[in-house]
Amino acid sequence: MTRHLPQTVKNANELTYVAPEQEKATGFWLWYTEAYDALDPNGNVTIKWDIMSWTPDGYVAVVTIYNFQQYRHFESPGWSLGWTWAKKEIIWSMLGGQATEQGDCSHYKGNIPHCCKRSPNIVDLLVGTPYNQQIANCCKGGVLSSWGQDPANAAASFQLSVGQAGTSTKTVTPPKNLTLKAPGPGYTCGPAQDVPASKFISADKRRVTQALKTWNFTCTYSQFLASRAPTCCVSLSSFYNDTIVPCPTCSCGCKSNITEPGSCVESDSPYLASVVSGSQENTPVVQCTSHMCPIRVHWHVKLNYKEYWRVKVTITNFNYAMNYSRWNLVVQHPNFDDLTQIFSFNYKPLTPYASINDTGMLWGVNFYNDLLMQAGPYGNVQSELLFRKDKSTFSFDQGWAFPRRVYFNGESCVMPPPDAYPMLPNAGSRQDYSLLTVITSSLSTLAFIFVYA
């Protein structure tokens with residue numbers, strides 16, 4: 001399996017190349033250190049700052065966060081947005097969001113500002129907030145869906161009244177050093193860009209109004225900035241080979257309870273409950289495994305028919321302290337163009353290379369399996385995929401039936417080395433393999449008829 005780096009890079013800071021000797025020293029290839037995602041090349045988070053009206057000492061603005069990423073969403077405890085004021089601005093009041101700290105407002109008499117900090121940090125309000133504190137697209141606890149999975153819930157807004165700022169388009173100054181956390185690090189935001197003022201259509205669709213001034217900030221994601229170690233891995237198996245290829249050892253780190261107590265928890269540990277209850281929010285408590293990943297994706301080539309072939313996909317959660325809500329899985333495989341049926345998952349084709357349909361996004365069915373439970377007997381979800389064979393390309397040879405890339409919640413998963421993939425039986429047993437395929441397919445068909453007749 002060859003790893004290709006992008007041919008063109010617009011900004012030298014977007015790409016970090018790791019030499020082969022560094023790869024050996026670190027133990028794994030840092031292949032996604034840049035903010036460029038080959039499967040979502042246009043994905044970003046755009047923050048729109050719309051000045052809606054002027055006040056005696058500043059303005060009222062509506063800030064909207066648009067998650068234009070196809071499959072990377074914001075999980076609980078949700079997004080937070082920070083910046084540094086260019087002058088000595090303050091926030092008089094807010095709707096749909098709040099500053100986490102008020103700061104020192106002691107020199108104000110009477111009307112006390114909502115926030116006096118030079119570098120405020122804003123979070124979303126929780127579900128159930130009183131209506132008089134809400135605006136549209138607010139109050140979801142900071143949780144945002146990805147654009148590809150649920151565009152209707154991929155935006156968040158809040159309103160703030162800014163004081164000690166300019167009172168005209170020529171005197172106002174945009175904030176600097178925007179910082180987006182969703183909920184951890186990983187996003188890098190560029191400076192404000194002057195763009196045409198946003199336009200708004202009235203409820204009756206007969207009138208269009210517009211903002212007085214609009215700034216855009218664009219934020220891109222780097223998996224390396226978010227976590228220096230991967231967070232998921234892939235294991236493989238097939239019906240034609242007894243070998244189960246596990247996740248590579250130390251895929252997401254190595255078990256080091258001797259030198260670093262508490263790095264993982266054994267499944268039968270009597271202290272498991274106390275460790276989980278004492279963990280901080282969003283801090284993984286990972287089960288001790290050889291791969292040490294919170295998430296494992298297993299791809300099993302299950303059956304071979306005359307014109308179709310079938311795959312079973314299982315996602316297992318090894319994190320005792322986290323449920324993954326609205327999870328998604330992105331898989332790249334050349335046969336996705338001929339996907340015929342998928343069971344118990346939602347599916348959407350992704351076409352990062354225009355006309356080439358080799359990438360699919362899978363996610364759970366609402367209120368059925370859209371929540372991946374924490375580690376334990378219920379900590380897995382699974383589905384089966386039925387593909388039609390394209391006779392010009394289909395093969396079980398050379399690992400063709402296994403995925404090229406796998407992402408879980410937008411994070412690239414560690415794949416086994418290609419030379420470890422389950423291999424076809426040798427030439428002397430090809431005839432037996434063909435007979436086994438026919439028998440297996442016939443039995444599956446008879447079982448289907450018996451059950452559903």
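The values are calculated or read from the model by the stated rules, or taken from the named source; none is laboratory data. Fair warning: this is a prediction, and the values are worked out from it, not measured in the lab. Here the Cβ positions follow ideal geometry from the backbone for every residue, glycine too, while neighbour counts run over all protein chains shown. What goes into the accessible areas is simple: the full protein's heavy atoms, side chains included, and nothing from ligands, DNA or RNA. Shrake-Rupley method; radii C 1.70, N 1.55, O 1.52, S 1.80 Å.
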Next item on the list: Sort out which residues of the stretch 42-90 are among the aliphatic types (A, V, I, L, M) and either under 24 Å from Pro151 (Cα atoms) or touching an Asp or Glu at 6+ places or on another chain (Cβ under 6 Å) (or both), and write them in order of number.
Entry: Val45, Ile47, Ala61, Val62, Val63, Ile65, Leu81
Next item on the list: With the checklist (1) over 19 Å from Cys288 (Cα atoms); (2) among the hydrophobic types (A, V, I, L, M, F, W, C); (3) in contact (Cβ under 8 Å) with a residue 40 or more places away in the chain in hand, flag the one item Ile201 doesn't pass.
Entry: (3)
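Residue-wise test of (1) at pLDDT 95 or above; (2) under 30 Å from Pro425 (Cα atoms); (3) surrounded by 18 or more Cβ atoms within 10 Å (Cβ to Cβ); (4) within 23 Å of the chain's Cα centre (by Cα).
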position: Thr231; (1), (2), (3), (4): no, no, yes, yes
position: Thr243; (1), (2), (3), (4): no, yes, no, no
position: Gly253; (1), (2), (3), (4): no, no, yes, yes
position: Thr259; (1), (2), (3), (4): no, no, no, no
position: Ser279; (1), (2), (3), (4): no, no, no, yes
position: Val286; (1), (2), (3), (4): no, no, yes, yes
Item checked: Unmet criterion (only one of (1) surrounded by fewer than 20 Cβ atoms within 10 Å (Cβ to Cβ); (2) in contact with a Gly (Cβ under 8 Å, 6 or more places away or on another chain); (3) under 24 Å from Ser325 (Cα atoms)) for Asn153 -> (2)
Next item on the list: Scan the stretch 165-180 for residues that are modelled with pLDDT under 95, open to solvent by 50 Å² or more (accessible area, probe 1.4 Å) and touching a strand residue (DSSP E or B) at 6+ places or on another chain (Cβ under 8 Å) and jot them down.
Entry: Thr167, Thr169
